[in-house]
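Some notes on the structure that comes next.
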Amino acid sequence: MSEFEEVLAETIRIMCTPGRGILAADESVGTIGKRFDLINVENTEENRRCYRDYLFTTPNFGKYISGVILYEEQVFQKTSKGVLFPEIIRQSGAVAGWKSDTGLRPLGGYDKDTVTQGLDNLAVRCQKVFKAGCRFTKFRSAFHINAKCPSSLSVSWNAMVQARQAKIAQENGLVPIVEPEVLVSTIEDPLDIEDAYRVTKWVLTETFRQLNLHKVDLRYMILKPNMIYTQKALKEKKYDLIAEKTFQLFTETLPTSLPGIFFLSGGQDELSSTINLDKINKIKNISQKICPWYISFSYGRALQRSALEAWKGKPENKENLQKAFTKRALKNSQASVGEYVN
Ligand code: 13P
């Protein structure tokens, strides 16, 4: 393959170590502002830097975390001791990555469908963050489910964009995280978990068709999918059903050369996202089917909610923030091998 094959293989090896997962800390300036609003913290550059500094310098950070997704601003920010974030992450034993997409835009004429931006100049942008110490990218597309969405155009166009960005990332030494998120938590009656299953299967099938067509090396990429659920199923604590449906979909759809599947939390509460991951891995551990993938977490909100609440923007709460974060990271670490202890 490319001159970067060894680099890509090493990054995959680190990211997929059993018992570890990814911290998605790549909230854009606007999105982190929404999280800060909930705890009455002003959305300044220093507050954003300080919060991430506390997270990334948590004692034993790399024990449960194998990768951190950063937003562009953070790639070049430093800890209070002057160490660049990608470097402090590397020192912990994890690897830094970067959100390479530049957001969603409406797919005009197609109801709530969107298309992801970020292909422009992508090779040059990848080279810049590689030099800064990043070793993977994350690119998110999103699909609403209703009577009109997603359209065939949205599914095929987004799959093509995903495949192209993944190829460019690999050509520049970065492992691509392909994140085609079906927004299952917003499904409304009469659509149900079968519709979540059907649409996610369609999206994943088309995404892998395009990844193959674009000659993306599946051994050096990560899939970041949604689980198969609805808000109703979550409320009714149908964790076994959610795990069965999600695992079944993977065995029907995903290639065995794919090394890792790291879920987004998609707004599930912290506990549900841990229980669901644990149950999926418990099924995997006893399955007779061929399922070689490492299945773990790449959570944003589900790893940070209680940490943010413990912090409240106050320096004296640094230790509480780190304790709250470590607790969620530990529980998800257990779930990533199907050994969650309540
Ligand atoms: P959530 O876990 O909060 O859904 O975020 C994950 C993510 O990276 C979305 O792109």
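The values are calculated or read from the model by the stated rules, or taken from the named source; none is laboratory data. Only a predicted model underlies this, so the values are computations on that prediction, with no experimental measurement involved. A quick note on method: Cβ atoms are made from the backbone with ideal geometry, for glycine too, and the neighbour counts reach across all protein chains shown. Side chains included, ligands, DNA and RNA excluded: accessible areas come from the protein's heavy atoms. Shrake-Rupley method; radii C 1.70, N 1.55, O 1.52, S 1.80 Å.
Data for the structure
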| item | result |
| --- | --- |
| Evaluation of K224 against (1) over 19 Å from the mean Cα position of the chain (by Cα); (2) within 16 Å of the ligand (Cβ to nearest atom) (one fails), failing number | (1) |
| Counted residues, segment 297-323 - those being within 16 Å of the ligand (Cβ to nearest atom) and open to solvent by 10 Å² or more (accessible area, probe 1.4 Å) | 6 |
| Criterion: over 28 Å from C16 (Cβ atoms), in contact (Cβ under 8 Å) with a residue 24 or more places away in the chain and open to solvent by less than 20 Å² (accessible area, probe 1.4 Å) - qualifying residue of S141, S154 | S154 |
| Count of residues meeting criterion [part of a strand (DSSP E or B) and in contact with a Lys or Arg (Cβ under 7 Å, 6 or more places away or on another chain)] in segment 242-262 | 1 |
| Filtered residues of segment 237-271 (kept if buried (at least 20 other Cβ atoms within 10 Å of the Cβ), within 16 Å of the ligand (Cβ to nearest atom) and over 24 Å from R219 (Cβ atoms)) | I242, S265, G266, Q268, E270 |
| Residue match in segment 80-98 (condition: of a type in the set (S, T, N, Q) and within 30 Å of F143 (Cβ to Cβ)) | no |
| Any helices (runs of 4 or more DSSP H) falling wholly within segment 1-116 and containing at least 2 residues that are surrounded by 16 or more Cβ atoms within 10 Å (Cβ to Cβ) and among the aliphatic types (A, V, I, L, M) | 5-15, 85-91 |
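Residues checked against (1) within 15 Å of the ligand (Cβ to nearest atom); (2) in contact (Cβ under 8 Å) with a residue 60 or more places away in the chain; (3) in contact with a Gly (Cβ under 8 Å, 6 or more places away or on another chain):
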residue: A24; (1), (2), (3): yes, yes, yes
residue: I32; (1), (2), (3): yes, no, no
residue: I39; (1), (2), (3): no, yes, yes
residue: E42; (1), (2), (3): no, yes, yes
residue: E46; (1), (2), (3): no, no, no
residue: T58; (1), (2), (3): no, yes, no
residue: G62; (1), (2), (3): no, no, yes
residue: Y71; (1), (2), (3): yes, no, no
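Every residue, every condition in (1) assigned to a helix (DSSP H, G or I); (2) not small (G, A, S), yes or no:
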| position | (1), (2) |
| --- | --- |
| I145 | no, yes |
| S154 | yes, no |
| A163 | yes, no |
| A169 | yes, no |
| I177 | no, yes |
| P180 | no, yes |
| L191 | no, yes |
| E194 | yes, yes |
| Y197 | yes, yes |
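Conditions tested, residue by residue: (1) under 21 Å from Q210 (Cα atoms); (2) without any contact (Cβ under 8 Å) to a residue 40 or more places away in the chain.
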| residue | (1), (2) |
| --- | --- |
| I88 | no, yes |
| Y110 | no, no |
| L119 | yes, no |
| K131 | no, yes |
| C134 | no, no |
| T137 | yes, no |
| K148 | no, yes |
| Q165 | yes, no |
